[in-house]
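Beneath this line is the structure, given in structure tokens, with notes to follow.
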Amino acid sequence: MLAIDPSAKVAPGAVIGADVEIGPYCVIGPNVAIGDGCRLVAQVHVAGRTAIGPGTTIYPFASLGTPPQSVHYRGGPTRLTVGANCQIRESVTINTGTEDGGGITTVGDNCFLMTGAHVAHDCRVGSNVVFANNAVIGGHCEIGDYVFLGGHVAVHQRVRIGESVMVAGYTALREDAIPFGYVIQPVGRLAGLNVVGMRRRGFTRETIHAVRAAYKMLFADEGKLADRIDEVEVRFASVPEVGKMVAFLRAAKRPVMTTKPRGSHLDND
């Protein structure tokens, strides 16, 4: 059953699904679509051309679909889409895209954005992603599936973070981070692999060992990185997870973290 608190303001034209709860003092714009079973707890602001997937819960003072914080935005009809079954906690902000950045910001399914997190314009955030408190990403970032950003992480605009990366709290990223990497330090360096995250996802011991071996080869002291990438691609052709690392490195258009392994810091277990 649809339940809208009398103090909430839902503009004509907004599309509200079945079994949605819209709590006190929420404000919903005319171009917003709220999926079935969503819950807006209280004092939530959803504006712009924004679509919220079914089963998502949004907590007080979150603001979704507001215009991008970009001097290049020209007021066009850009969009925001948020996937299904997300948890968007207090004071989270997510902006729509810009005309020159593809026109859309996306957040995938089953994401957990904790208090004060920010997703800027034209970002692509995958599914099953966690942003801890006050983690923020600049415009045009690409965040892979199963990424975990610790508290107060700051990601520079246009940075790519590969699948299943873990970033320690209070880290700043200004370079791309390979899939399955573990990133630490005040200005992020690649410190190893997110083995804990891989185990939680159910990767086999054999797969994890292969990714470890590929990591050591990719960031060894000898030779050129391009040559090591070629060697890893051939040697681990049967391991899809290594293939993701190779594809990520080959697609790089900006610097990628390539810190070499350091003894006991090869992984976070």
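The values are calculated or read from the model by the stated rules, or taken from the named source; none is laboratory data. Source: prediction; values computed, not measured. Positions of Cβ are generated from backbone atoms using ideal geometry, with glycine treated the same way; all protein chains shown enter the neighbour counts.
In the stretch 187-226, which residues are in contact with a Pro (Cβ under 8 Å, 6 or more places away or on another chain) and not hydrophobic (A, V, I, L, M, F, W, C)?
Those that are in contact with a Pro (Cβ under 8 Å, 6 or more places away or on another chain) and not hydrophobic (A, V, I, L, M, F, W, C): Gly192, Tyr215, Lys216.
Residues in the stretch 233-241: is at least one modelled with pLDDT of 95 or more, small (Gly, Ala, Ser) and within 22 Å of the chain's Cα centre (by Cα)?
Within the stretch 233-241, the subset modelled with pLDDT of 95 or more is 233-241.
Applying the additional criterion that residues be small (Gly, Ala, Ser) yields 237-238.
Among the residues that remain, those that are also within 22 Å of the chain's Cα centre (by Cα) are: none.
No.
From the residues in the stretch 237-253 that are touching a Lys or Arg at 6+ places or on another chain (Cβ under 9 Å) and part of a helix (DSSP H, G or I), which one is nearest to Gly162 (Cα to Cα)? Let's see the steps before the verdict.
First pass over the stretch 237-253, keeping only residues touching a Lys or Arg at 6+ places or on another chain (Cβ under 9 Å): 242, 248, 251-253.
Then keep just the ones that are part of a helix (DSSP H, G or I); that gives 242, 248.
Details: Val242: 12, Phe248: 7 Å.
The extreme case among them is Phe248.
Working carefully through the options Pro68, Pro77, Pro60, find the one that is of a type outside the set (D, E, K, R), crowded, with 18+ Cβ neighbours inside 10 Å and either outside any strand (DSSP E or B) or outside the structural domain of Ala14 (by TED's automatic domain parsing) (or both).
Details: Pro77 fails: crowded, with 18+ Cβ neighbours inside 10 Å; Pro60 fails: crowded, with 18+ Cβ neighbours inside 10 Å.
Going through Pro68, Pro77, Pro60 in turn, just one is of a type outside the set (D, E, K, R), crowded, with 18+ Cβ neighbours inside 10 Å and either outside any strand (DSSP E or B) or outside the structural domain of Ala14 (by TED's automatic domain parsing) (or both): Pro68.
Right, Tyr182: buried (at least 18 other Cβ atoms within 10 Å of the Cβ) and not assigned by TED's automatic domain parsing to the domain that holds Ala135 or not?
Working: buried (at least 18 other Cβ atoms within 10 Å of the Cβ): yes; not assigned by TED's automatic domain parsing to the domain that holds Ala135: yes.
Yes, satisfied.
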